[in-house]
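One structure follows; several queries about it will come next.
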Amino acid sequence: MRRRDFITLLGGAAAWPLATRAQQAVVPVVGFLHPASVHAAGDQLRAFHQGLKEAGFVDGQNVAIEYRWADNRTDQLPALAAELVRRQVAVIATVGTSAFAAKAATTTIPIVFVGGEDPVKLGLVASLARPGGNLTGINWFAGELAAKRLELLRQLVPAATRVAVLVNPAFATLTEITLRDVGAAAPAMGLQIQVLNADTSREIDAAFEIIEREQPDALFVGPGPFFNSRRVQMAQLAARYAVPAIHTTRLEAEAGGLMSYGPSLTDAYRQVGAYTGRILKGAKPADLPVVQRGNAYEKCPSNGHFFRRVQRM
């Protein structure tokens with residue numbers, strides 16, 4: 001090998017790691033903060049990646065994602081949010097109650113949320129059209145459709161007089177909204193409500209033992225990522241104890257639940273990914289209106305797997 005060629009090769013070898021490190025340094029990092037576990041995400045997580053891809057970002061290529069899972073221990077969310085802030089991520093994508101922890105942790109890092117209740121009422125944004133501050137996201141009406149779910153359950157079981165309502169107390173805001181709306185709607189339908197709490201798989205089993213013992217006419221399953229992650233367990237228990245139940249998401253119905261009514265959670269995650277990508281490209285959260293998703297699905301196997309979609313934007 002000639003001396004000049006050797007020096008050129010040596011110089012290239014020295015420059016290559018420097019160039020690689022420089023390229024890696026500019027890859028943006030997205031923080032993903034979830035109040036439940038990775039098992040609760042499933043298809044939704046893939047939809048989030050799809051939304052990023054539609055915006056031009058692929059994990060491991062031109063963007064990196066740092067995941068933080070609270071495993072249904074919502075008291076851990078502030079510490080997990082603080083970790084992402086110390087990591088100096090470019091954007092934080094949040095789900096449900098994790099948005100509050102992220103908002104408390106930073107006023108400068110952009111935050112994209114997906115939530116089931118009006119974010120203006122919750123104090124996350126100033127308005128839907130002009131969020132202001134460093135937050136924007138998707139409102140998918142999980143909580144706001146509680147009365148409608150109860151109405152559908154009443155139609156499914158017209159002779160019902162007592163309905164058990166299963167909620168997760170760990171997600172206090174969503175539980176409070178659900179019980180408020182169901183409690184307000186029940187008397188007009190001639191229904192009495194019995195509230196059952198479950199925050200673990202064992203507590204779900206215990207709740208169904210109460211259902212077996214007290215024999216309510218139907219079961220209303222509240223929204224939340226924990227129940228979504230335990231959808232197979234609940235479908236099997238409802239079938240075992242022969243209690244007609246209504247759920248929030250299509251995923252729960254597809255897992256064997258009798259009926260569901262609610263927006264597409266998968267589509268909401270996709271839009272969170274798309275909004276995250278737009279922010280990575282330079283958009284400001286304050287300029288991105290909160291998206292209102294009202295694509296609702298119903299399913300009842302005794303009805304031949306009937307679905308109905310309602311568009312509300």
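All of the numbers you see were taken from the coordinates with simple rules; none came from a lab. None of the values given here were measured: they were computed from a predicted structure. Backbone-built Cβ (ideal geometry, glycine too); neighbour counts: all protein chains shown.
Hey, could you get me the Stokes-Einstein D for segment 46-120, Kirkwood radius over alpha-carbon pairs, 10 °C and 1.306 mPa s, rounded to whole µm² s⁻¹?
Values: Rh = 13.2 Å.
It diffuses with D of about 120 µm²/s by this estimate.
Magnitude of the Cβ-charge dipole of segment 25-96, K/R +1 and D/E -1, about the Cα centre, nearest 20 debye?
In debye, rounded to 20, segment 25-96 gives about 100.
Work out the length of the dipole vector of segment 146-262 about its Cα centre, built from +1 on the beta-carbon of each Lys and Arg and -1 on the beta-carbon of each Asp and Glu, and round it to the nearest 20 debye.
Dipole about the Cα centre, nearest 20: 200 debye.
With +1 on the Cβ of every Lys and Arg and -1 on the Cβ of every Asp and Glu, and nothing else charged, how large is the dipole of segment 89-219 about its Cα centre, in debye rounded to the nearest 20?
440
Could the peptides 165-173, 95-103, 56-64 be put in order, highest first, of the mean number of other beta-carbon atoms found within 10 Å of their residues? Don't skip to the end; give the middle numbers.
On the way: 165-173: 20.6, 95-103: 24.7, 56-64: 14.0.
Averaged packing, sorted descending, gives the order 95-103, 165-173, 56-64.
Return Val125, Val89 ranked ascending by Cβ neighbour count within 10 Å, so the fewest neighbours appear first.
On the way: Val125 26, Val89 22.
Lowest count first: Val89, Val125.
Rg/Rh for segment 39-169: what does it come to with C-alpha atoms and Rh from Kirkwood?
Rg/Rh: 1.04.
With a 10 Å radius around each residue's Cβ, average the other Cβ atoms per peptide and rank 70-78, 268-276, highest first. If you can, show how the numbers build up before the last one.
Numbers: 70-78: 17.4, 268-276: 25.1.
Top to bottom by mean Cβ count within 10 Å: 268-276, 70-78.
Among His49, His39, His34, His247, which comes first, second and so on when ranked by fewest other beta-carbon atoms within 10 Å?
Working: His49 18, His39 12, His34 23, His247 29.
Listing His49, His39, His34, His247 from fewest to most nearby Cβ atoms yields His39, His49, His34, His247.
Taking the DSSP beta bridges in segment 146-262 as the whole, what percent of them are antiparallel, to the nearest 5?
Percent antiparallel among DSSP bridges in segment 146-262 is about 0.
Between rounded, prolate and oblate, where does segment 146-262 land on the alpha carbon gyration tensor, with a ≥ b ≥ c its root eigenvalues, rounded for a/c under 1.5, else prolate if a/b exceeds b/c?
Cα axes put segment 146-262 in the rounded bin.
How far apart, in nm, are two points set 7 Å out from the Cα along the Cα-to-Cβ line at Val58 and at Gln76?
Output for this residue pair reads 3.2 nm.
Tell me, what is the FRET efficiency for Asp43 and Glu209 to the nearest 0.05, using R0 = 25 angstrom and their Cβ-Cβ distance as r?
0.25
Now for a separate question. Please give the contour-minus-distance gain from Ala172 to Glu151: 0.36 nm per residue of separation, less the Cα-Cα distance, rounded to one decimal in nm. Kindly include the intermediate steps, with their values, before the conclusion.
Numbers: separation 21, 0.36 × 21 = 7.56 nm, distance 2.34 nm.
In short, 5.2 nm is gained.
Just list whichever of Lys148/Lys284; Lys53/Lys121; Lys121/Lys148; Lys103/Lys281 have alpha carbons separated by over 29 Å in the model shown.
Distance filter (> 29 Å) returns Lys148/Lys284; Lys53/Lys121.
Quote the convex hull volume per residue of segment 198-238, based on C-alpha atoms, as a whole number of Å³.
So the per-residue Cα hull volume is 62 Å³.
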